[in-house]
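This report concerns only the one structure given below.
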Amino acid sequence: MHPKWAGREIEINSRVRDLALTRKMIQSRASTGKLVPVIKGVYALPGARLRYRGRCRAATGTVSERVVISHGSALALHGLIRDPDVVHMTGESGVFRDEGRRRWRSENFGFKVVRHETRSLPPEHLTTVAGIRVTCVERALRDYASTADPAQITKALTQGEKIGCFCWDQLRNLVAASNGHRGMSILLKEINGWEPCFADASSDPEIDGLRLIRHRGLPMPEVNVRIGNYVADFLWRHLALAVEIDPYGTHSGLASHRQDHRKGIELEAGGLRVIRFTAEDLYGHEQRTGDELEAIMKQQATLLQRPLFPAP
């Protein structure tokens, strides 16, 4: 199949007139394999490989314009999280009349659609991404919090801040107006606890490390700071302390090992104490890692005769 056709869907409800095909003609082509069913009412050309946007377009093609992509699916389209396994859609109460399961699952393309109903979906909560009807980032974050864990929320907030696609004040106002909505207490806690240094993190393990430091009530570090020829993951200047996060799979091979070794020596030679934590430390022994980091920071403060927290 020519690449220009990859991922293109043919939607019965809105395109059948443009294609000049009757329902019978479409069914005939589907039965002979010239059209491949995606979900009820939506077809793709043979050999098409639907990316996530294509799946979202297929989902919205089965419903009225009052239904939009929402929750984690909207955040994925906005670029805040990775593509989820399912497609989330939201419409006002009563908009989903067809309760048949087959309509909301694609056997040929291996995904399903999760439907959500809401009492209110005002116009200011809606927008479009690549021609797809979606909720705005603030509304998507609010809905996402109903199913996401705190770490996932922090990472979505961080990515949103990095690309500058939402307003913190509007998000706070929406959360305040959503009292009683599932997940609001967790979302509000993550909003209030978010630190600017999160935006300097370059990986999920670094964000998880920062969340651990915040949870322990320790001073937050500078993140990804260039020192000479190298970049320190975390740096506390007043304690002359650097922490490196080495998750499994990030560094591999003899060359990477030598570079990490050389980096540690040069940072130490520059007057820093360098500590390394692995993925096992971070995810398998969180309590122990937090205790050790706190002890090391207090040792540095005592050794240098400086306060644990830097002066304002």
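Some points to look at:
- Flag if residue 241 is more than 25 Å from residue 295 (Cβ to Cβ) and at pLDDT 95 or above: no
- Within the range 113-134, residues that are among the basic types (Lys, Arg) have Cβ atoms under 6 Å from residues that are at pLDDT 95 or above in these pairs: 115/89; 133/68, counting only partners at least 6 apart in sequence or on another chain.
- If the condition is being in contact (Cβ under 8 Å) with a residue 60 or more places away in the chain, surrounded by 13 or more Cβ atoms within 10 Å (Cβ to Cβ), closer than 16 Å to residue 217 by Cα and not hydrophobic (A, V, I, L, M, F, W, C), then the range 277-312 contributes 286, 289, 290, 294.
- Counting only strands (runs of 3 or more DSSP E) that fall entirely inside the range 64-161 and contain at least 1 residues that are buried (at least 22 other Cβ atoms within 10 Å of the Cβ) and assigned by TED's automatic domain parsing to the domain that holds residue 173, the qualifying elements are 87-92, 111-118, 132-135.
- Residue match in the range 140-150 (condition: over 24 Å from residue 92 (Cβ atoms), in contact with a helix residue (DSSP H, G or I) (Cβ under 9 Å, 6 or more places away or on another chain) and in contact (Cβ under 8 Å) with a residue 40 or more places away in the chain): yes
- In the range 1-49, of all residues being modelled with pLDDT under 75 and assigned to a strand (DSSP E or B), the one that is nearest to the chain's Cα centre (by Cα) corresponds to 9.
- Failed item, numbered, when residue 110 is tested on (1) over 17 Å from residue 83 (Cβ atoms); (2) without any contact (Cβ under 8 Å) to a residue 40 or more places away in the chain: (1)
- Scanning the range 50-63 for residues that are in a helix (DSSP H, G or I) and of a type in the set (Ser, Thr, Tyr), we see that the one that is surrounded by the most Cβ atoms within 10 Å (Cβ to Cβ) is 60.
The values are calculated or read from the model by the stated rules, or taken from the named source; none is laboratory data. The model shown is predicted, which means the values in this text are computed figures rather than measured ones. Cβ coordinates were reconstructed from backbone atoms using ideal geometry, including for glycine residues, and neighbour counts include every protein chain displayed.
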